[in-house]
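Below is one structure, written out as structure tokens; comments come after it.
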Amino acid sequence: IKMGTEFNIKVYATDSAKTTAIINQAWARIDEVNQLFSDYIQTSELARIDAQKGKSIKISDEFAYVLRLSLKYSKASYGAFDVSIGALSRLWRRSIKMNEFPAKDKIAAALANIGYKKVKLNGNTLTLPDGVLLDFGAIAKGYAVDEAYKVLSNAGLKKSLVDGGGDI
């Protein structure tokens, strides 16, 4: 279980000792991606950004790359995909955990803080208005799958499959 879902790595190889070491590197890469984008890990880069809302903050190259992709997809989908959905997704996550429907005023407040156009990215400098929360759940798992596969492929394990919650 990684990033809140089941991950599986399957490979075809003849050298099991070497293969095990490479698979462990792929698992480590998934953990690295999670350390960037998790809103559950208090030391993640996303948590560091959340703690400094309303300020311009320097972000890592990798975080900026995935954020740029997210903003690109947000724009291409006219906001149907929106990386700034964090306020609403966290409200619903809490409501599910508490087994209660969120209050209408809390839903309205969360909706007021959503909108990918509010996210300002200039190079590696990110500025978010106070209240805007990012949520990479829709893209980080797929990115982690891609990154884990790169580890396997670059090590010569071309006959491999990485599955992250259905993202293959």
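The values are calculated or read from the model by the stated rules, or taken from the named source; none is laboratory data. This is a predicted model, so every value here is computed, not measured. Note that each Cβ is placed from the backbone with ideal geometry, even for glycine, and that neighbours are counted across all protein chains shown. Just so you know, the surface numbers come from the protein's heavy atoms only, side chains and all, with ligands and any DNA or RNA stripped out. Shrake-Rupley method; radii C 1.70, N 1.55, O 1.52, S 1.80 Å.
Please work out how much length the chain gains when fully extended from E32 to S95, using 0.36 nm per residue of separation minus the C-alpha to C-alpha distance, in nm with one decimal.
Contour length minus the Cα-Cα distance gives 19.8 nm.
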Item checked: Karplus 3J(HN,Hα) series, Hz, for the range 139-151 with 6.51 cos²θ - 1.76 cosθ + 1.60 (x for Gly, Pro) -> 10, 5, 5, x, 5, 4, 4, 4, 5, 5, 5, 4, 4
Next item on the list: Could you pull out the pairs from K55/K150; K72/K158; K10/K58; K2/K117; K53/K117 whose alpha carbons sit more than 27 Å apart here?
Entry: K55/K150; K72/K158; K10/K58; K2/K117
Note to self: Less than 15 Å Cβ to Cβ from A21, Lys/Arg counted +1 and Asp/Glu -1: what total charge do the surrounding residues give?
What the structure shows: +1
Margin query: Need one number: % antiparallel among DSSP beta bridges in the range 17-168, to the nearest 5.
Written below: 90 percent
Check: Residue by residue through the range 114-128, which ³J(HN,Hα) values in whole Hz follow from phi under the Karplus form 6.51 cos²θ - 1.76 cosθ + 1.60 (θ = phi - 60°), with glycine and proline marked x?
Finding: 10, x, 4, 6, 7, 7, 10, 10, 10, x, 10, 10, 10, 10, 10
Notebook entry, point to check: What area, in nm² and to one decimal, does the C-alpha convex hull of the range 59-151 cast on average over all directions?
Noted result: 7.2 nm²
Check: In the range 1-110, which trypsin sites (Lys or Arg not before Pro) fall in coil by DSSP and have 12 or fewer other Cβ atoms within 10 Å?
Finding: K55
Next item on the list: Quick one: which residues, 5 or more positions from I85 or on another chain, have an amide H under 5 Å from its amide H? H modelled 1.01 Å from N in the peptide plane, none for Pro or chain starts.
Entry: D135
Next item on the list: Work out from phi, with θ = phi - 60° and the Karplus expression 6.51 cos²θ - 1.76 cosθ + 1.60, the ³J(HN,Hα) of each residue of the range 29-45, listed in order in whole Hz, and give x for Gly and Pro.
Entry: 5, 4, 4, 5, 5, 4, 5, 7, 10, 6, 9, 9, 8, 5, 9, 5, 5
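Could you work out what % of the accessible surface of the chain is carbon and sulfur, using a 1.4 angstrom probe and leaving DNA, RNA and ligands out of the count?
C and S atoms contribute 54 percent here.
Any idea what the dipole of the range 105-168 comes to, in debye rounded to 20, about its Cα centre with Lys/Arg Cβ at +1 and Asp/Glu Cβ at -1?
200 debye
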Next item on the list: Have a look at the range 122-168 and give its Rg and Dmax from the Cα atoms, expressed in angstrom.
Entry: 15.4, 46
Notebook entry, point to check: Using +1 on the beta carbon of Lys and Arg, -1 on that of Asp and Glu, and nothing else charged, what's the dipole of the range 45-168 about the Cα centre, debye to 20?
Noted result: 240 debye
Item checked: Lys/Arg +1, Asp/Glu -1 at C-beta; the chain dipole; positive extreme among L111, G86, F101 -> L111
Margin query: On C-alpha positions alone, give me the angle between the axis of helix 61-76 and the longest principal axis of the chain, in degrees, nearest 10.
Written below: 60 degrees
Notebook entry, point to check: Of A144, G123, I168, whose Cα points farthest to the positive end of the dipole of the chain (charges on the beta-carbon: +1 Lys, Arg; -1 Asp, Glu; origin at the Cα centre)?
Noted result: G123
Note to self: Starting from the Kirkwood Rh over alpha-carbon pairs, what translational D in µm² s⁻¹ does the range 1-77 have by Stokes-Einstein at 4 °C and 1.567 mPa s?
What the structure shows: 87 µm²/s
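Go ahead and run the numbers for FRET between K18 and R48, Cβ-Cβ distance against an R0 of 30 Å, rounding to 0.05.
Working: r = 36 Å, r/R0 = 1.21.
Approximately 0.25, to the nearest 0.05.
Quick one: net charge of L88's neighbours, Cβ under 12 Å, K/R +1, D/E -1? It would help to have the intermediate numbers written out before the result.
Details: positive: R90, R93, R94, K106; negative: D82, D135.
Around L88, the surrounding residues sum to +2.
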Notebook entry, point to check: How large is the accessible surface per residue of the chain, computed with a 1.4 Å probe and reported in Å² as a whole number?
Noted result: 57 Å²
